[in-house]
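See structure below.
Nothing in this text is a laboratory measurement; each read-out follows from the coordinates by a stated rule. Predicted, not measured: the structure shown is a model, and the values here were computed from it. Please note: Cβ atoms are built from the backbone with ideal geometry, for glycine as well, and neighbour counts cover all protein chains shown.
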Amino acid sequence: MQTVLVTGGAGYIGSHTCHMLIENGYNVIVIDSLENGHREHLPEQVRFYKEDLNNFEKINTIFEGNEIDAVIHFAGYIEAGESMQDPIKFFQNNVSNSINLIKAMKNNNVRNIVFSSSAGVYGQPEEMPIKETAKKKPTNYYGLTKLMFEQILDSAKVYNMQSICLRYFNAAGAGYNIGEKHNPETHLIPLILQVATGERNNIKIFGTDYPTPDGTCIRDYIHVLDLAKAHIKALHLLDRNIKGKFNVGTGKGNSVKEIINICREVTQHTIPAEECPRREGDPPELVADSNKFKEFDWQPEHSIRDIIQSAWDWHSLQKQT
Ligand code: UFG
C-alpha cells in the first residue's frame with residue numbers, strides 16, 4: 001500500500017482527492033495550515049498535521065517520521081485578483097514555501113510529486129482549445145507563481161525527482177458530502193448557488209461585451225471528482241516513470257450566461273442577474289485541449305449539469321444545517 005503526502009489536503013480539490021485516495025487504498029498524510037482549509041472535510045483515516053510549509057524543520061520532521069512514496073502538492077494561494085494586490089504574499093507561499101517541500105523530499109529520497117498547476121500559466125492564448133505547447137504568458141502573479149514552480153520542479157530532475165503538473169481549468173461541483181467553501185467566495189458557480197439559497201440577492205455578470213456568442217466569458221468547468229481521478233492517474237504514471245505537464249479540462253466551454261441558466265433549471269430559482277462591467281484580467285475564453293492526458297486513459301465523466309447538480313445538492317444542504 002502506497003503512502004501519499006498531500007499538502008493543502010483540507011482545501012477544496014485536496015479534500016476530494018484525499019477521499020478518493022482513501023477509497024483507492026492509499027495511506028494518506030495531510031499537511032495543511034488550515035488558513036483556508038477545512039479539517040472537517042477530510043476523511044477520518046488520514047494522518048493530519050496542522051503545519052505551514054514555511055516551517056522547513058517541521059516539514060522535514062514529518063518526512064523523517066513517515067515512509068512517504070509520493071507527494072501531491074495542492075497548498076497555495078489561489079486568488080488571481082489578490083495576487084495583483086499583494087504579489088509577494090503569492091511568491092512567498094506558492095514559490096518559496098513550496099521549495100521547502102522539494103528540499104524535504106530531496107533530504108528524504110522521495111522522488112515523485114504531482115503539482116496543482118493552473119490554466120493561469122497560459123494567460124490569454126490566441127488558439128482555442130489550449131494545448132500544453134501554447135505560449136505561457138500569465139496575466140497575473142498567481143499564474144506566474146504556478147509557472148515558476150513548474151520550472152523549479154523541472155530543475156529537480158537533477159536530484160532524480162520527477163513530476164507531473166496538472167493544469168486545472170475551472171474546478172467545480174462536489175462529492176463525498178463535502179463541497180466548495182471559500183471565504184470570501186469569488187467563484188462563479190458557488191456564488192450563483194448562494195443566490196438560490198438566499199445568501200445573496202443577485203449574481204453579477206462581469207462583462208457582456210466579450211467577443212463570444214452571448215458576450216459573456218467562456219470557461220471549461222471540470223468536475224472536482226474528475227480532477228481527483230486525474231491525480232490518482234498521475235500517481236500511476238509516475239510509478240511508470242511517465243512525467244510531464246497536462247491540461248485537465250473537459251474540452252467544452254460554457255459562458256457565464258449559460259451557467260446561470262443551468263443553475264436556474266437545477267435549483268428552480270429565478271436567480272436575478274445584474275450585468276456589470278468586466279472584471280480586470282479575465283480572458284474571454286479558456287477551454288482545454290486535454291488530449292495529451294486522455295492518451296493515458298483518463299476521461300472526464302461528468303457533464304456541466306452533473307457538476308451544477310452536485311454543487312447544488314451540497315450547497316442546499318449547507319443552508320439547512
Ligand atoms: N464571474 C462573474 N461573476 C462573478 C464571478 C465570476 O461573471 O460573480 C465570471 C468571471 O468573470 C469569469 C467566470 O465567471 O468569466 C469564471 O470566474 P471564476 O472566478 O469562477 O474563475 P476564473 O476563470 O476567473 O478562475 C478560475 C480559478 C483560477 C484558475 C482559473 C483557471 O479561480 O484559480 O480558473 O482557468 F487559474
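Determine, from the Cβ-Cβ distance of Leu317 and Met1 and an R0 of 22 Å, the FRET efficiency 1/(1 + (r/R0)^6), rounded to the nearest 0.05.
On the way: r = 33 Å, r/R0 = 1.48.
It comes to 0.10.
For n ≥ 4 DSSP H runs only, could you compute -39500 (n - 2.57) per run for the chain, divide by its residues and tell me the 222 nm figure to the nearest 500?
-10500 deg cm²/dmol
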Exercise. Which parts of segment 120-154 would a label at Ile99 reach, counting a residue when its backbone N lies under 19 Å from a point 7 Å out along Cα-to-Cβ?
Worked result: 141-154
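How far, in nm, would the chain grow between Glu301 and Asn183 when pulled straight, counting 0.36 nm per residue and subtracting the alpha carbon separation?
Numbers: separation 118, 0.36 × 118 = 42.48 nm, distance 2.86 nm.
39.6 nm is the gain from fully extending Glu301 to Asn183.
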Exercise. What fraction of the DSSP beta bridges in the chain is antiparallel, stated in percent and rounded to the nearest 5?
Worked result: 5 percent
Exercise. Given H placed 1.01 Å from N in the peptide plane, which residues other than close sequence neighbours of Ala273 have an amide H under 5 Å from its amide H?
Worked result: Ile203
For this session: Measure off 7 Å from each Cα along the Cα-to-Cβ vector at Asn109 and Phe91, then give the distance between these two points in nanometres to one decimal.
Result: 3.6 nm
For this session: Starting at the first residue of segment 3-9, write each ³J(HN,Hα) from the Karplus equation 6.51 cos²θ - 1.76 cosθ + 1.60 with θ = phi - 60°, in whole Hz, x for Gly and Pro.
Result: 10, 10, 8, 10, 8, x, x
Seminar exercise, completed: Over all pairs of different Cα atoms in segment 1-146, the reciprocal of the mean inverse distance gives a Kirkwood radius in Å of 16.0 Å
Exercise. By the gyration tensor of its Cα atoms, with a ≥ b ≥ c the square roots of the eigenvalues, what is the shape of segment 202-321: rounded for a/c under 1.5, prolate for a/b over b/c, or oblate?
Worked result: oblate
For this session: Would you mind classifying segment 97-184 by shape? Square roots of the alpha carbon gyration tensor eigenvalues, ordered a ≥ b ≥ c; an a/c under 1.5 is rounded, otherwise it is prolate if a/b is larger than b/c and oblate if not.
Result: oblate
For this session: Starting from the Cα of Ile242, step 7 Å along the direction of its Cβ; do the same at Asn54; then give the gap between the two resulting points in nm.
Result: 3.9 nm
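What is the Rg over Rh value, at two decimals, for the chain, using alpha-carbon atoms and the Kirkwood definition of Rh? Before the final figure, lay out each step's value.
Values: Rg = 19.0 Å, Rh = 20.0 Å.
Over the Cα atoms of the chain, Rg/Rh equals 0.95.
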Problem set entry | Cα shape, segment 182-234, gyration tensor, a/c 1.5 rule | oblate
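Could you size up the charge dipole of the chain around its Cα centre, putting +1 on the beta carbon of Lys and Arg and -1 on that of Asp and Glu, and report it in debye to the nearest 20? All intermediate terms of the calculation are to be shown ahead of the outcome.
Working: 33 positive and 40 negative charges, 126 e Å.
Roughly 600 debye for the chain.
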Problem set entry | Full-stretch length increase - Asn291, Asp214 - with 0.36 nm per residue and alpha-carbon distance subtracted | 25.0 nm
Problem set entry | Straight-distance crosslink candidates among lysines, where the alpha carbon sits under 17 Å from Lys257 and sequence neighbours closer than 8 are dropped | Lys204
Exercise. Nearest 10 degrees, 0 to 90: what angle lies between the long axis of helix 141-155 and the longest principal axis of the chain (Cα atoms)?
Worked result: 30 degrees
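In the neighborhood of Gly281, defined by Cβ-to-Cβ distances under 12 Å, what is the net charge if each Lys or Arg adds +1 and each Asp or Glu adds -1? Working shown, then result.
Numbers: positive: Arg278, Arg279; negative: Glu79, Glu82, Glu280, Asp282.
Every neighbour counted, the sum reads -2.
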Exercise. Cα to Cα, under 17 Å, and not fewer than 8 places away if on the same chain: which aspartates and glutamates meet these conditions relative to Lys136?
Worked result: Glu126, Glu127, Glu150, Asp154, Asp282, Glu285, Asp289
